[in-house]
1. Would you confirm whether any residue within the range A:77-85 is buried (at least 16 other Cβ atoms within 10 Å of the Cβ), among the small types (Gly, Ala, Ser), over 30 Å from A:MET1 (Cα atoms) and over 13 Å from the mean Cα position of the chain (by Cα)?
2. For the range A:28-48, which positions are under 12 Å from A:VAL10 (Cβ atoms), loosely packed, with under 15 Cβ neighbours inside 10 Å and more than 9 Å from DNA strand C (Cβ to nearest atom)?
3. Failed condition for A:GLY23, given (1) within 6 Å of DNA strand B (Cβ to nearest atom); (2) assigned to a loop (DSSP other than H, G, I, E, B), with all others met?
4. State all residues of the range A:26-54 that are part of a loop (DSSP other than H, G, I, E, B) and acidic (Asp, Glu); if no residue qualifies, say none.
5. Looking at A:ARG12, A:ARG67, A:ARG16 in this structure, which one is in contact (Cβ under 8 Å) with a residue 40 or more places away in the chain, basic (Lys, Arg) and more than 13 Å from DNA strand C (Cβ to nearest atom)?
6. Can you spot a residue in the range A:58-68 that is surrounded by fewer than 19 Cβ atoms within 10 Å (Cβ to Cβ), among the aliphatic types (A, V, I, L, M) and more than 7 Å from DNA strand B (Cβ to nearest atom)?
Amino acid sequence: MSARDAVYGVVRTIPRGKVLSYGGVAELVEGVYVSARTVGRIMASAPPDVPWQRVVARDGELVIARRSPLMAAEQRRLLALEGVGFSSDGRVRMDEHAWAPGGTLFSE
DNA sequence: AACTTGACGTGAC
DNA sequence: AGTCACGCCAAGT
């Protein structure tokens with residue numbers, strides 16, 4: 001089991017309309033330790049069946065925007081199609097869409 | 001096989 | 001609140 005497959009496995013479990021931070025993905029990976037940065041490194045070559053758009057920075061920023069504005073626009077489009085909302089500064093509303101496995105932390 | 005480079009996150013100024 | 005430095009380690013060169 002490579003770190004790569006483990007990371008993709010976790011990302012594939014993120015529900016539609018929800019997002020997870022790089023660090024969040026890292027924490028959910030079992031068996032092998034991976035850092036948030038490693039998740040990012042691995043996401044750079046994500047296969048088409050992985051919902052890469054659902055992984056954002058902890059504060060909701062679309063990190064890809066730092067390198068590719070075009071991809072950022074694409075990510076934003078895909079998320080919008082899933083019903084994910086953005087705040088005025090262009091970041092995902094983490095208070096509404098951050099995903100916590102097995103039940104939301106904001107429950108209640 | 002050695003060296004560099006980051007889709008990050010955190011803490012110190 | 002905005003930099004800056006750095007740990008982390010898979011991939012690319």
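1. no
2. If the condition is that a residue be under 12 Å from A:VAL10 (Cβ atoms), loosely packed, with under 15 Cβ neighbours inside 10 Å and more than 9 Å from DNA strand C (Cβ to nearest atom), then A:GLU30, A:GLY31 are the ones that fit.
3. In the conditions (1) within 6 Å of DNA strand B (Cβ to nearest atom); (2) assigned to a loop (DSSP other than H, G, I, E, B), A:GLY23 misses (2) alone.
4. Across the range A:26-54, the qualifying residues are A:GLU30, A:ASP49.
5. Details: A:ARG12 fails: in contact (Cβ under 8 Å) with a residue 40 or more places away in the chain; A:ARG67 fails: in contact (Cβ under 8 Å) with a residue 40 or more places away in the chain.
Among A:ARG12, A:ARG67, A:ARG16, only A:ARG16 is in contact (Cβ under 8 Å) with a residue 40 or more places away in the chain, basic (Lys, Arg) and more than 13 Å from DNA strand C (Cβ to nearest atom).
6. yes
For (1) at pLDDT 95 or above; (2) under 11 Å from the mean Cα position of the chain (by Cα), each residue gets a yes or a no:
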position	(1), (2)
A:VAL34	no, no
A:ARG41	no, no
A:VAL55	yes, yes
A:VAL63	no, yes
A:SER87	no, no
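The values are calculated or read from the model by the stated rules, or taken from the named source; none is laboratory data. Since we're looking at a predicted model, the values are computed, not measured. Every residue, glycine among them, receives a Cβ derived from its backbone with ideal geometry; neighbour counts consider all protein chains shown.
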